[in-house]
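Below: the structure, in structure tokens.
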Amino acid sequence: MKDIRFTYSHALNTHELQQYKEETQSALRTLTEGTGAGNDFIGWLSLPKDIRSQVSAIQKTADRLRNQCDIIVCVGIGGSYLGAKAVIDALLPSFAWLEDRKPQIVYAGNNIGEDYLYELQGLLRGKNFGIICISKSGTTTEPALAFRLLKIQLEEQAGKETARERIVCITDAKKGALRTLATQEGYDTFVIEDNIGGRFSVLSPVGLLPIACAGLDINALLDGAERVMDVCTTADFADNPALLYAASRNHLYRQGKKIELLVNYHPKLHYVSEWWKQLYGESEGKENKGIFPASVDFTTDLHSMGQYVQEGERHLFETVISVAEPNHKLVVPSDEANLDGLNFLAGKRVDEVNKMAELGTRLAHMDGGVPNLLIELPKLNEYALGELIAFFEVGCGVSGYMLGINPFNQPGVEAYKKNMFALLHKPGYEEATAAIEKRIQKQN
Ligand code: PA5
């Protein structure tokens, strides 16, 4: 197997699938012709090609940061960090953070945990570190707060001049506090184009710069993405994995399967699931509609969630990401004493055990009434990850239009921000502050 492959046959039959042919093709046309809601946010469709002109500048900046820094802190939240973390975690060694490897990549601005930030500051004390601050709006509280703390720390530790060389900002071309700050401080910047939303931005500088800083091959990532983006935006229904995925999951949703569990059998893929959850959750969860995206890491979570998946409420379907060939080979040794009784596995690769666990689980879950979709990747490398990203992005745009919503906005995310700003007495929120304080008093 050379490329990504999608199989629906353990969830629906060909006759059921065919009923979605016209609908998915029409949703794809709406997406690619830019005639649907949110059509000013479809720049990601051509990103694998369009971004090529910036690759050498991104790589040059990454090389500079890699030379200058022992630790690079990626500051960002949601779409401004999940894609990079997904690719980096999937492709670096599992224990990269314990290795004597430079630079180490760490993350901040994706939470407001005081202990997290305090402990991060402790880690960075006395170290050569740099910061990539990523925020499209340039106004998001979590990254802004972390950046303020880390920028001051870097300036105190390394001096303002050196700090300037080690800070790179990725934000809007003109708008937002981060753009103003970066311009005034003279930081290097990359632009997030207006027509690319955060959760679709992994193949822009948002994802590419951190990924290149981790020493990974961003050209190969883009090659894989470009190939599959091309297939998924042009191929006919039967040969188009993104259309088959969108058709299958929407069919299952309409049959009452309201939860999609993304399943992996490699712990390195944990953050691919986190990225996918944001992509689908924030794109589809609107107007009281949308499949709830959830995820599990198997076989780990078979010992925590397995019972529910097998016998709990039947509102689930699974989408399994299966990796055909691991990057390393490990064979189970024979043991003369066989005290653990494992000699029946001797001589087999660990991956064979994992694959049998995967197959056995898929069959058991199907028997238990959990339909099963399958995505197969040949290997975990940059090219395959690029393919997976493009597949999921097109599948998401098409699914959103099939659902009848705008897949590219996120109005619901504002509700918590408004309350938080009101409670924190942010200037401009006086009316909201009065209203929320009254509400809290009443509840007490
Ligand atoms: O997908 C999105 O648009 C969001 O998840 C954003 O990425 C997230 O809210 C961060 O926003 P910003 O990059 O403006 O700080």
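If I take R0 = 51 Å and measure r between the Cβ atoms of ASP63 and ALA435 in this structure, what FRET efficiency does the formula 1/(1 + (r/R0)^6) give, to the nearest 0.05?
Calculated value: 0.50.
Per residue, what accessible area does the chain have, given a 1.4 Å probe and all protein chains present, in Å²?
Dividing the accessible area of the chain by its residue count gives 46 Å².
Within the chain, what's the longest stretch lacking GluC sites (Glu not before Pro) that sit in DSSP loops with no more than 15 other Cβ atoms inside 10 Å?
It runs 100-286.
With the chain treated as a Gaussian network of Cα nodes joined by springs under 10 Å, which of HIS365, HIS425, HIS270 yields the largest mean-square fluctuation?
HIS425
Suppose we keep just the DSSP beta bridges with both residues in the chain; what percent of those would be antiparallel, to 5?
15
Which angle from 0 to 90°, rounded to the nearest 10, does the C-alpha axis of helix 218-234 make with the longest principal axis of the chain?
So the helix axis and the longest Cα principal axis differ by about 60 degrees.
What's the angle, to the nearest 10 degrees (0 to 90), between helix 52-68's Cα axis and the longest principal axis of the chain?
Long axis of 52-68 versus the principal axis of the chain: about 70 degrees.
Choose one of LEU316, ASN419, ILE436: the residue whose Cα lies farthest towards the positive end of the charge dipole of the range 299-444 (beta-carbon charges +1 Lys, Arg; -1 Asp, Glu; about the Cα centre).
My answer, from the dipole projection, is ILE436.
Take the residue pairs LYS60/LYS268; LYS102/LYS127; LYS257/LYS286 and return only those whose Cα atoms are more than 19 Å apart.
LYS60/LYS268
Given a 1.4 Å probe and every protein chain left where it sits, what share in percent of the accessible area of the chain is carbon and sulfur?
In the chain, the share of accessible area belonging to carbon and sulfur is 52 percent.
For the cross-link pairs LYS136/LYS379; LYS277/LYS442; LYS21/LYS277; LYS258/LYS442; LYS136/LYS160; LYS85/LYS348, which exceed 29 Å when the distance is taken from alpha carbon to alpha carbon?
LYS136/LYS379; LYS277/LYS442; LYS258/LYS442; LYS85/LYS348
Which angle between 0 and 90 degrees, to the nearest 10, do you get for helix 21-32 versus the longest principal axis of the chain when only C-alpha atoms count?
20
Under 5 Å between amide H atoms, partner at least 5 residues away or on a different chain: which partners does CYS133 have, H built in plane at 1.01 Å?
Amide H to amide H, under 5 Å and 5 or more residues apart or across chains, CYS133 pairs with VAL75, VAL168, CYS169, ILE170.
Give the separation of the Cα centroids, the range 415-442 to the range 43-101, in Å.
Using only Cα atoms to place each centre, the spacing works out to 37 Å.
Using a ≥ b ≥ c from the Cα gyration tensor of the range 304-399 (square roots of the eigenvalues), is it rounded, prolate or oblate, where a/c under 1.5 gives rounded and otherwise the larger of a/b and b/c decides, a/b for prolate?
It is oblate, given that a/c is not under 1.5 and a/b is not larger than b/c.
Under unit Cβ charges (Lys, Arg +1; Asp, Glu -1), what dipole magnitude, rounded to 20 debye, does the range 332-421 have relative to its Cα centre?
With only Lys, Arg, Asp and Glu charged at Cβ, the dipole is about 440 debye.
Stretch ARG254-TYR118 to full length: gain in nm at 0.36 nm per residue minus the Cα-Cα span?
Between ARG254 and TYR118, full extension yields 44.3 nm more.
The values are calculated or read from the model by the stated rules, or taken from the named source; none is laboratory data. All values derive from a computational prediction rather than experimental measurement. With ideal geometry, Cβ positions are generated from the backbone for all residues, glycine too; neighbour counts draw on all protein chains shown. Calculation scope for accessible area: heavy atoms of the full protein, side chains included, ligands and nucleic acids excluded. Shrake-Rupley method; radii C 1.70, N 1.55, O 1.52, S 1.80 Å.
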